[in-house]
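Quick notes on the structure that follows.
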Amino acid sequence: MRILLVEDEVSLSEMLATSLSRQGIVVDAAPTLEMAREALMTAEYDAVVLDRNLPDGEGLDLITEIRARSAPPAVVVLSALGALDQRIDGLDQGADDYLVKPFAIEELLARLRAVARRPAAVRQERILLGGLAFDVGHRTAEIGGTVLDLPRRELLVLEALILRAGRVVSRPALEAAVYGYDDEIASNTLDSHVSRLRRKLEPAGLEIHSLRGIGYLLRPSS
């Protein structure tokens, strides 16, 4: 999962980015509406965590622009504005969820999992492919009932590929799903993640097929 965090409080933004990253979520942070708009033009996101009181305007104004996209990400408003009418306003303007500050990081994670499972996110709760079962909401992979212990980057590679199983995922699209725009990417790093993941998927009868110059394809072994 890749999210855009729109939050101008630096300490909170850094804490959230660190906590979410530990859960295997790629986080891009934007402290202003202008920077959020630039990020939305350059990357695809599964969700946007959106503050309301931003230096250059009301965060809810961004929701209309998000909803105009062909495949809009889910929006979770995260705000200190917690009166009933303020929460209703946020939901009426198109937010998928509204969480009031102060909050527990565990609740934010649960709400992100919940919006990821909704039909608007175009996702199934559980994907079965070969001998692999992938739980989208909890972001876990099992082979024969045993949960795979995957490092964060490998899990993100698997998530990106299985959500597009049977279709080619271009290298830029796969990198976008795995790395934030502030991450430094060595030329062979993605290939290393794919190679290690490929070996772990062999018992499930799956292969990651590399198409030179095009991308990667996850499919049952022939």
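Only the coordinates and a few stated rules stand behind these numbers; no lab work does. Since this is a predicted model, take the numbers as computed values, not measurements. Because the Cβ atoms are built from the backbone with ideal geometry, glycine has one as well, and the counts that use them run over all protein chains shown.
Structure summary
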item	result
Residue list for region 55-71, filter: within 26 Å of E175 (Cα to Cα) and more than 18 Å from the chain's Cα centre (by Cα)	L62, E65, A68
Which numbered condition V26 misses (of (1) under 21 Å from G94 (Cα atoms); (2) crowded, with 22+ Cβ neighbours inside 10 Å; (3) not charged (D, E, K, R))	(1)
Considering residues of region 69-114 that are crowded, with 20+ Cβ neighbours inside 10 Å and touching a residue at least 60 places away in the same chain (Cβ under 8 Å) only, the residue nearest to S11 (Cα to Cα)	L78
Conditions (1) touching a strand residue (DSSP E or B) at 6+ places or on another chain (Cβ under 6 Å); (2) of a type in the set (D, E, K, R); (3) under 29 Å from P172 (Cα atoms): number failed by R52	(3)
Sole exception among (1) of a type in the set (V, I, T); (2) touching a Phe, Trp or Tyr at 6+ places or on another chain (Cβ under 8 Å); (3) assigned to a helix (DSSP H, G or I); (4) in contact (Cβ under 8 Å) with a residue 40 or more places away in the chain for V194, by number	(4)
Yes/no for A17 being within 21 Å of G90 (Cα to Cα) and in a helix (DSSP H, G or I)	no
Output for region 197-222, where each listed residue is surrounded by fewer than 16 Cβ atoms within 10 Å (Cβ to Cβ), of a type outside the set (D, E, K, R) and not in a strand (DSSP E or B)	P203, G205, G213, I214, S221, S222
